[in-house]
Amino acid sequence: MPRYKLINGERIQFTTEEEAQRDQEEADFKAGAFDRAINELRKNRNIKLKETDYLALSDNTMSEEMTTYRQELRDITEGLTTAEEVEAVEFPVRPN
């Protein structure tokens with residue numbers, strides 16, 4: 001399917017070189033999907049860990065449920081190899 005661009009309001013078909021360049025841009029973007037998704041997952045995971053960091057101080061005794069929750073957060077990225085897997089991750093529920 002040919003692609004077009006607008007120049008001064010006129011619709012002009014891409015040249016062969018422009019088509020190849022656009023194909024490469026799309027391939028590069030798709031190749032980076034996993035990295036973008038895993039970085040976003042890690043960012044959100046780190047926020048959730050920071051929200052409970054105060055419970056891990058030496059003068060607190062963390063409940064077993066909270067210890068498990070925090071470990072599940074740390075392990076959440078293990079074994080993920082595709083952007084689809086990353087996007088399907090559900091965060092564990094924080095215990096009270």
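Gain on full extension, evaluated as 0.36 nm per residue between A56 and K43 minus their Cα-Cα distance, stands at 2.7 nm. The long axis of helix 64-75 is offset from the longest Cα principal axis of the chain by roughly 30 degrees. The gain in end-to-end length when the I7 to E87 segment is fully stretched comes to 25.0 nm, 0.36 nm per residue minus the alpha carbon separation. Computed with every protein chain present, the accessible area of D59 is close to 130 Å² [probe 1.4 Å]. Principal-axis analysis of the Cα atoms of the chain puts helix 16-31 at an angle of about 10° to the longest axis.
Computed with a 1.4 Å probe over protein heavy atoms only, the accessible surface of the chain comes to 78 Å² per residue.
Here the chain exposes an accessible surface that is 49 percent carbon and sulfur, computed with a 1.4 Å probe and the other protein chains kept in place.
Dipole of the chain computed with +1 at Lys/Arg Cβ and -1 at Asp/Glu Cβ about the Cα centre; of Y54, A31, V89, farthest Cα towards the positive end is Y54.
Using only side-chain charges placed at the Cβ, +1 for Lys and Arg and -1 for Asp and Glu, the dipole size of the chain relative to its Cα centre rounds to 300 debye.
The coefficient of translational diffusion for the chain, derived via Stokes-Einstein from the alpha carbon Kirkwood radius under 37 °C and 0.692 mPa s, stands at 192 µm²/s.
The values are calculated or read from the model by the stated rules, or taken from the named source; none is laboratory data. This structure is a prediction, so every number in the text was calculated from the model and none was measured. Reconstructed Cβ throughout: ideal geometry from the backbone, glycine too, with neighbour counts over all protein chains shown. Quick note on the areas: whole protein, heavy atoms, side chains included, nothing else; ligands and nucleic acids left out. Shrake-Rupley method; radii C 1.70, N 1.55, O 1.52, S 1.80 Å.
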